[in-house]
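These notes concern the structure reproduced below.
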Amino acid sequence: MDEWQKNQKGITGIGLMIIFFLIGFFVLLGIRMVPLYLNNVKVANVISGLESIPGLATKSIPEIKQTIDRRFDVDDVQYIEAKNIKFERAERGISVVAEYEARTQVFANIDVVVSFKETVELTTQ
């Protein structure tokens, strides 16, 4: 057994290739997915920023959609449009829900799909 351990010097070429493959795969996955999450940060900023607009809860839903659409254009938001946002009237105002999926190709015919959901309550005061 001691003789076997003397001959063992480190990782094999195949083992090293597997490690490089795994590192490369996760780096590629990160490169492909980071833009999706950065886009969601923009969506979250737009949706949460609606609370700071005075009197927005008293406006009609088309007016709110127009406001969201303008902010999406300014921030260059992708994967979602204002027409896909859901609005629900509540007792105290309007609930705005931006729920969407973003898809990106990793390689060949393998895609990654990420689901996002941002919600804000616009209250009338």
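For 69, 76, the sequence from fewest to most other C-beta atoms within 10 Å is 76, 69.
Put a dot 7 Å past the Cα of residue 112, heading toward its Cβ, do the same for residue 20, and the two dots end up 2.2 nm apart.
May I ask for the net charge around residue 44, where only other residues with Cβ less than 14 Å from the Cβ of residue 44 are counted and Lys, Arg are +1 while Asp, Glu are -1?
Working: positive: 42, 71, 117; negative: 51, 75, 99, 118.
Within the 14 Å Cβ shell, the charges total -1.
Estimated from the Cβ-Cβ distance and a Förster radius of 25 angstrom, the FRET efficiency linking residue 58 and residue 119 is about 0.80.
Compute the separation of the alpha-carbon centres of region 54-125 and region 12-45 and state it in Å as a whole number. With region 54-125 and region 12-45 each reduced to a Cα centre, they are spaced 27 Å. Seen against the Cα atoms of the chain and their longest principal axis, helix 61-75 is set at about 40 degrees. Cβ-Cβ distance of residue 91 and residue 44, R₀ of 30 Å, FRET efficiency by 1/(1 + (r/R0)^6): the value works out to about 0.75. Run a plain Debye calculation on the chain (Cα atoms as equal point scatterers, no solvent) and give log10 I(q)/I(0) at q = 0.10, 0.12 Å⁻¹, rounded to two decimals, same order as the q list. At q = 0.10, 0.12 Å⁻¹ the computed log10 ratios are -0.48, -0.59.
Counting Lys and Arg as +1 and Asp and Glu as -1 over every other residue whose Cβ lies under 12 Å from the Cβ of residue 56, the net charge comes to 0.
Quote the relative contact order of the chain in percent (integer), defining contacts as alpha-carbon pairs under 8 Å separated by 6+ residues. Spell out each step's value before the answer.
Numbers: 125 pairs, mean separation 30.9, N = 125.
Result for the chain is 25 percent.
Each value in this text was obtained by applying a stated rule to the coordinates, not by laboratory testing. Predicted model only: the values in this text are computed from it and were never measured. Note: ideal-geometry Cβ built from the backbone for every residue, glycine included; neighbour counts use all protein chains shown.
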